[in-house]
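What follows is a single structure, written as structure tokens, with notes after it.
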Amino acid sequence: MNQNLRVAIIGAGKMGADHVQRLHSRIRGADVVAVIDVDLDRANAAIEDIPGAKAYATAAEAYAGSDVNALVIATPGFLHEDALLEALSRDIPILCEKPLTPDAASAWKIVEAEQRLGRKRIQVGFMRRFDDGYRQLGDLIRSRELGELLMLHCHHRNPDVPASFTNEMLINDSVVHEFDIIRFLTGEEITGVQVRLGKGTSKAPEGQHDPQHVLIETESGVLVDVEIFVNAQFGYQVSTQAVFEDGIVDIGVDGGAYIRRSGQWGGKITPSFIERFGAAYDVEVQSWVDAALRGEMQGPSTWDGYATACCCEAGIEAQKSGDKVNVLLNEKPELYK
Ligand code: ISE
């Protein structure tokens, strides 16, 4: 008997379509049985080469029409809450792309719903935790081989963004990854955020200030500066320099082959997060499937989704005021300790 997970993917945009292909062609232990998108043509295009998968316009139709027992959510963040609550009521494993929900109050509702269920059912799609470089850095920090971690200098650069990418989205959609990975690397909560707006690029869409400088502090006082630059033109780059008592560590600067050819030396720059984090997404989704088949849930949790939502809210406030804003969290429930 086929014991594979029977997965529905909701949202067939860039990330959703990528997950459909990944689940179909590279992940063991899962079958794509449904793809859901209000744009039915887009849903149909995503399942073109997947026999047995069906396209639906709504999740309700997919639950009624296909034998779904796991859900991947890859719609825009404002649509996550309903999809999460529905899937939790069905007690199925969920992989939810970041952000968990767009604000702390709605994220807390998901924390409460999962607690009522009494077990973890959600993994949040913070893929950086599955990236080789970040994993090695995490191991170094925990080993204390280079002494205490003191500071992190982060660069987060996208070539460009659509005109609909608001000023707030630099925090909610992009820096949310740094909020999560800082918490993951340090094992601490973030206590304060400040945002500085300096000289902006002329390439930013109307109403968006880019780049921004985000200053973050953790419980023990580790200071982090993030350059978020979403119209950097040249390509996609996510890199970190970690400053320890006894050394400096760089990750993510340049990867791949270093080529010398007529009149040139160097390597290739990744065009987007799909290529930069392709391997990390594979590991992320495989570990979600493996855990789900064992009846478990691992990786970034609903609590991580809630805590980063609180950081984002503080970040948006800081963006407006220019002041340092404290991050305040509810008490962490037992389920996530
Ligand atoms: C996008 O949604 C992502 O999640 C990428 O990882 C991030 O680099 C980008 O800035 C976001 O817009």
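The values are calculated or read from the model by the stated rules, or taken from the named source; none is laboratory data. Here the structure is a predicted model, which means the values were calculated and not measured. Positions of Cβ are generated from backbone atoms using ideal geometry, with glycine treated the same way; all protein chains shown enter the neighbour counts.
Tabulated values for the structure
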{"item": "For PHE234: the one exception among (1) under 17 Å from the mean Cα position of the chain (by Cα); (2) more than 12 Å from the ligand (Cβ to nearest atom); (3) farther than 23 Å from ARG144 by Cβ", "result": "(1)"}
{"item": "Single residue of ASP246, ASP250 found to be touching a Leu at 6+ places or on another chain (Cβ under 6 Å), modelled with pLDDT of 95 or more and over 30 Å from ARG119 (Cα atoms)", "result": "ASP246"}
{"item": "Number of positions in the stretch 256-288 that are among the small types (Gly, Ala, Ser), more than 16 Å from the ligand (Cβ to nearest atom) and free of Cβ contacts under 8 Å to residues at least 40 places away in the same chain", "result": "6"}
{"item": "Only listed residue being surrounded by fewer than 15 Cβ atoms within 10 Å (Cβ to Cβ), of a type in the set (A, V, I, L, M, F, W, C) and more than 16 Å from the chain's Cα centre (by Cα), chosen from ILE269, ILE248, ILE216", "result": "ILE248"}
{"item": "Check on ARG276, surrounded by fewer than 24 Cβ atoms within 10 Å (Cβ to Cβ), within 15 Å of the chain's Cα centre (by Cα) and of a type outside the set (Ser, Thr, Tyr)", "result": "yes"}
{"item": "Count of residues meeting criterion [part of a helix (DSSP H, G or I) and either away from the ligand (no atom under 11 Å from the Cβ) or more than 17 Å from ASP103 (Cβ to Cβ) (or both)] in the stretch 163-178", "result": "2"}
{"item": "In the stretch 302-337, the residues that are polar (S, T, N, Q) and either modelled with pLDDT under 95 or surrounded by fewer than 21 Cβ atoms within 10 Å (Cβ to Cβ) (or both)", "result": "SER321, ASN326, ASN330"}
{"item": "Residue match in the stretch 32-50 (condition: outside the structural domain of LEU185 (by TED's automatic domain parsing) and in contact (Cβ under 8 Å) with a residue 40 or more places away in the chain)", "result": "no"}
{"item": "Out of GLY147, GLY192, sole residue that is in a loop (DSSP other than H, G, I, E, B), under 21 Å from SER220 (Cβ atoms) and at pLDDT 95 or above", "result": "GLY147"}
{"item": "Elements of type strands (runs of 3 or more DSSP E) contained in the stretch 10-120, each with 3 or more residues being crowded, with 21+ Cβ neighbours inside 10 Å and within 16 Å of the ligand (Cβ to nearest atom)", "result": "94-97"}
{"item": "Check on VAL224, closer than 17 Å to SER174 by Cα, outside the structural domain of ASP18 (by TED's automatic domain parsing), more than 15 Å from the ligand (Cβ to nearest atom) and aliphatic (A, V, I, L, M)", "result": "yes"}
{"item": "Number of the condition not met by ASP160 [criteria: (1) part of a loop (DSSP other than H, G, I, E, B); (2) within 30 Å of LYS337 (Cβ to Cβ); (3) among the acidic types (Asp, Glu)]", "result": "(2)"}
{"item": "Scan of the stretch 133-145 for residues that are within 16 Å of the ligand (Cβ to nearest atom) and of a type outside the set (Ser, Thr, Tyr), ordered by number", "result": "GLY133"}
{"item": "Residue in the stretch 179-202 that is β-branched (Val, Ile, Thr), within 13 Å of the ligand (Cβ to nearest atom), buried (at least 23 other Cβ atoms within 10 Å of the Cβ) and closer than 30 Å to GLY147 by Cα present", "result": "yes"}
{"item": "Single unsatisfied condition, ASP250 versus (1) over 30 Å from LEU146 (Cα atoms); (2) free of Cβ contacts under 8 Å to residues at least 24 places away in the same chain", "result": "(1)"}
{"item": "Some residue of the stretch 146-159 being assigned by TED's automatic domain parsing to the domain that holds ILE316, more than 17 Å from the chain's Cα centre (by Cα) and within 12 Å of the ligand (Cβ to nearest atom)", "result": "yes"}
{"item": "Residues of the stretch 207-229 satisfying the condition of being assigned to a strand (DSSP E or B) and either touching a helix residue (DSSP H, G or I) at 6+ places or on another chain (Cβ under 8 Å) or basic (Lys, Arg) (or both)", "result": "GLN212, VAL214, ILE216, THR218, VAL224, VAL226, ILE228"}
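Let's see how each residue does on (1) farther than 22 Å from GLY77 by Cα; (2) not in a helix (DSSP H, G or I):
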position: GLY255; (1), (2): yes, yes
position: LYS268; (1), (2): yes, yes
position: SER287; (1), (2): yes, no
position: ALA292; (1), (2): yes, no
position: PRO300; (1), (2): no, yes
position: THR308; (1), (2): no, no
